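Asker: One structure, pasted below without further comment.
The values are calculated or read from the model by the stated rules, or taken from the named source; none is laboratory data. Please read these numbers as outputs of a predicted model, since none were measured by experiment. Backbone-built Cβ (ideal geometry, glycine too); neighbour counts: all protein chains shown. Just the protein is used for accessible areas: all its heavy atoms, side chains included, with ligands, DNA and RNA removed. Shrake-Rupley method; radii C 1.70, N 1.55, O 1.52, S 1.80 Å.
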Amino acid sequence: MTDVQLGMPALPARPYPEEVHARLAADAAELIGRYPVARSALLPLLHLVQAEEGFVSPTGIRFCAEQLELTTAEVTAVATFYTMYRRRPAGEYHVGVCTNTLCAVLGGDQIFAELQEHLGIANNETTEDGRISIEHIECNAACDYAPVVMVNWEFFDNQTPESAKLLVDDLRAGRAAVPTRGARLCSFKESARILAGFPDERPGAVDESGAGGAPSLAGLRLARGEALPGTGGTRVVSPRHEGARHEDARHEEPRREGGSAEGTGEEGTEA
């Protein structure tokens, strides 16, 4: 017979073991000290407990509430609002597939569908070996590289169903998978600790982050009147300052020809 308990409140979440609690409390104190108001550190603290367990557990919520003198309801409200805080354990590699408008139109929906079938898991689930979890993301903020897949928040651009399946196969097999942009991969828990606000201790990882790529800078280059690679030197848009000079010249023309400033009552001066 099933043990059913109706109308009874859930027991308080278990605390972390003493050693874990002491270590996390020291990290939490450092994070809280960065803010003039303690509760402002809630988001970093949620990343901190996620770095410990791979998700935000009831124990993690209790820890954050105690550190910030909040109720568990207040912490839960925040943890369930932001999708980066997981409510169930993530895999070592958390794969996010953008299914927002541009990525979806260019193949993101198909990538997500085929990855689920290939891995045998659904949205927000993790493979039995604990290596891969998958999630559809509303926007990875990389429309110029669509369709985009992220692994532990590092970019894999211009994906196809085939390349995405090869990517997760490499991750499960322990083979190197190099992001298109940004630092080399670390585990989901390690990435959560970095997001909490602690430095990436891997030698050279920060320098690997790089800057905006050619697609991200295309609009800026066109606005400056520069030619894009592969266009044969054609300038698609004139620089803004050239348009301004032409406009100024039209306004200045009566002054040069008439020798006086119209409507001002002042005598003109030589240019």
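Asker: Of all accessible surface on the stretch 90-167 at a 1.4 Å probe, what whole percent is carbon and sulfur?
Answerer: On the way: 1680 of 3280 Å².
Of all accessible area on the stretch 90-167, carbon and sulfur atoms account for 51 percent.
Asker: Let me make sure I get this right: for the stretch 113-176, a, b and c are the square roots of the gyration tensor eigenvalues over alpha carbons, sorted descending. Under 1.5 in a/c it's rounded, otherwise prolate if a/b > b/c, else oblate. Which is it?
Answerer: On the way: a/c = 1.73, a/b = 1.43, b/c = 1.21.
Note, shape of the stretch 113-176 comes out prolate.
Asker: With the other protein chains left in place, how much accessible area per residue, in square angstrom, belongs to the stretch 120-194 at a 1.4 angstrom probe?
Answerer: Numbers: 3370 Å² over 75 residues.
Each residue of the stretch 120-194 exposes 45 Å² on average to a 1.4 Å probe.
Asker: Then there is this: Give the average over all directions of the projected area of the C-alpha convex hull of the stretch 115-232, one decimal, in nm².
Answerer: Working: hull surface 38.2 nm².
For the Cα atoms of the stretch 115-232, the hull's average projected area reads 9.6 nm².
Asker: For the charge dipole of the stretch 4-114, defined by +1 on Lys and Arg C-beta atoms and -1 on Asp and Glu C-beta atoms about the Cα centroid, which residue among 106, 91, 38 has the Cα displaced farthest towards the positive pole?
Answerer: Of 106, 91, 38, it is 38.
Asker: Which value, in Å² rounded to 10, gives the accessible area of residue 71 with a 1.4 Å probe and all protein chains present?
Answerer: Ignoring ligands and nucleic acids, residue 71 comes out at about 70 Å².
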